[in-house]
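Trainee: Have a look at this one.
The values are calculated or read from the model by the stated rules, or taken from the named source; none is laboratory data. Just so you know, these numbers come straight off a predicted model, no measurement behind them. Here Cβ is always computed from backbone atoms with ideal geometry, including for glycine, and neighbour counts include all displayed protein chains. Heads up: the accessible areas ignore ligands, DNA and RNA and are worked out on the full protein's heavy atoms, side chains in. Shrake-Rupley method; radii C 1.70, N 1.55, O 1.52, S 1.80 Å.
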Amino acid sequence: MTDPRTPSRVALVTGASTGLGETVAEFLGGAGWRLVITARTESDLTAVAKRLTDRGTTVVAVAGDVGEAAHRERLIAEAGSLGRLDWLVNNASQMGVSPIRPLLDHPVDVFEKVLRTNVVAPVALAQLALPLLRETGGLVVNLSSEAAVDVFPCAGIYGASKAALDQASRIIAAELADTGVGVTSVDPGGIRTRGYAEAEPGFDLSGVPTPDVTLPFWKWLAGTSAPEVSGRRYLAQAGPWDVR
């Protein structure tokens with residue numbers, strides 16, 4: 001039986017205003033977790049926070065760009081104000097130019113911005129979150145993509161950034177192996193999101209599953225300890241995932 005005096009778990013979820021981030025936040029909130037959520041679009045984020053709060057979830061919503069150092073520091077401070085941090089879910093990402101175009105047709109400044117959001121920001125947040133995660137034996141969950149391992153023409157910037165994040169995740173997991181803190185990569189598979197629609201506006205998404213197709217995976221992961229999954233890469237739509 002859970003000790004009622006034990007604080008409920010806390011997750012920081014980036015990119016939580018729509019799509020997969022919203023789905024993960026709603027799942028964790030429904031499971032009794034307290035949340036710090038962030039996204040760039042304040043109106044969308046506020047709507048998610050209100051819906052969760054109305055259901056009884058403790059939510060701290062902070063709009064902003066994870067590519068900015070001051071915003072990252074604010075997010076970790078908010079998690080600290082809740083007394084702990086169990087999961088850091090690095091879901092916020094950018095696709096690049098929309099509609100997508102060949103890699104060599106992208107402006108260099110766009111490539112740099114995508115890398116800052118998709119690679120630098122998750123690593124920087126993990127750096128800041130590490131003291132809190134050490135206290136809980138927590139987990140860094142880095143959202144990857146099928147574009148990290150397969151070749152999709154015109155998705156080169158996004159794919160390259162996610163491949164870099166996968167490799168960074170494996171390296172950090174190895175470096176933290178003796179700390180109790182875990183790092184894992186999660187490929188959600190093809191799912192229907194706003195970013196997907198903007199990247200390929202002429203593509204029919206009606207046959208693409210919505211993010212809630214990944215819910216069985218999140219339920220499994222929430223019941224698994226960080227060391228068991230650390231250093232691994234999971235396909236959220238392709239269970240079973242049992243590592244024992």
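Trainee: Wholly within segment 107-179, which helices (runs of 4 or more DSSP H) include no fewer than the required count, namely at least 3 residues that are without any contact (Cβ under 8 Å) to a residue 24 or more places away in the chain?
Mentor: Counting at least 3 such residues, we get 108-115, 156-175.
Trainee: Restricting attention to segment 123-133, does a residue exist that is at pLDDT 95 or above, surrounded by fewer than 16 Cβ atoms within 10 Å (Cβ to Cβ) and over 23 Å from Arg233 (Cβ atoms)?
Mentor: Yes; the residues of segment 123-133 include at least one that is at pLDDT 95 or above, surrounded by fewer than 16 Cβ atoms within 10 Å (Cβ to Cβ) and over 23 Å from Arg233 (Cβ atoms).
Trainee: Just one of Ser43, Ser98 is small (Gly, Ala, Ser), open to solvent by 50 Å² or more (accessible area, probe 1.4 Å) and under 23 Å from Ala148 (Cβ atoms); which is it?
Mentor: Step by step, each of Ser43, Ser98 is checked, and only Ser98 is small (Gly, Ala, Ser), open to solvent by 50 Å² or more (accessible area, probe 1.4 Å) and under 23 Å from Ala148 (Cβ atoms).
Trainee: If you don't mind, another one. Name the single residue, out of those in segment 208-244 being in contact with a helix residue (DSSP H, G or I) (Cβ under 7 Å, 6 or more places away or on another chain) and open to solvent by 50 Å² or more (accessible area, probe 1.4 Å), that is nearest to Asp166 (Cα to Cα).
Mentor: Among those that are in contact with a helix residue (DSSP H, G or I) (Cβ under 7 Å, 6 or more places away or on another chain) and open to solvent by 50 Å² or more (accessible area, probe 1.4 Å), it is Arg233.
Trainee: Ok, one more. Kindly evaluate Gly67 against the criterion of being part of a helix (DSSP H, G or I) and crowded, with 16+ Cβ neighbours inside 10 Å.
Mentor: no
Trainee: What is the one condition in (1) open to solvent by less than 30 Å² (accessible area, probe 1.4 Å); (2) part of a helix (DSSP H, G or I) that Thr57 does not satisfy?
Mentor: Condition (2) is where Thr57 drops out.
Trainee: Looking at Val110, is it β-branched (Val, Ile, Thr) and open to solvent by 30 Å² or more (accessible area, probe 1.4 Å)?
Mentor: Here the answer is yes, as Val110 does meet what is asked.
Trainee: Looking at Leu28, Leu45, can you tell me which residue is assigned to a helix (DSSP H, G or I), under 16 Å from the mean Cα position of the chain (by Cα) and over 21 Å from Trp220 (Cα atoms)?
Mentor: It is Leu45.
Trainee: Just one of (1) under 13 Å from the mean Cα position of the chain (by Cα); (2) open to solvent by 50 Å² or more (accessible area, probe 1.4 Å) trips up Pro153, so point out which.
Mentor: Tallying (1) under 13 Å from the mean Cα position of the chain (by Cα); (2) open to solvent by 50 Å² or more (accessible area, probe 1.4 Å), Pro153 fails exactly one: (1).
Trainee: Next question. Within segment 70-93, how many residues are surrounded by 21 or more Cβ atoms within 10 Å (Cβ to Cβ) and in a loop (DSSP other than H, G, I, E, B)?
Mentor: Residues meeting the conditions: 5.
Trainee: Being in a strand (DSSP E or B), aliphatic (A, V, I, L, M) and under 19 Å from the mean Cα position of the chain (by Cα): is that true of Val183 here?
Mentor: Judged against the criteria, Val183 is a match.
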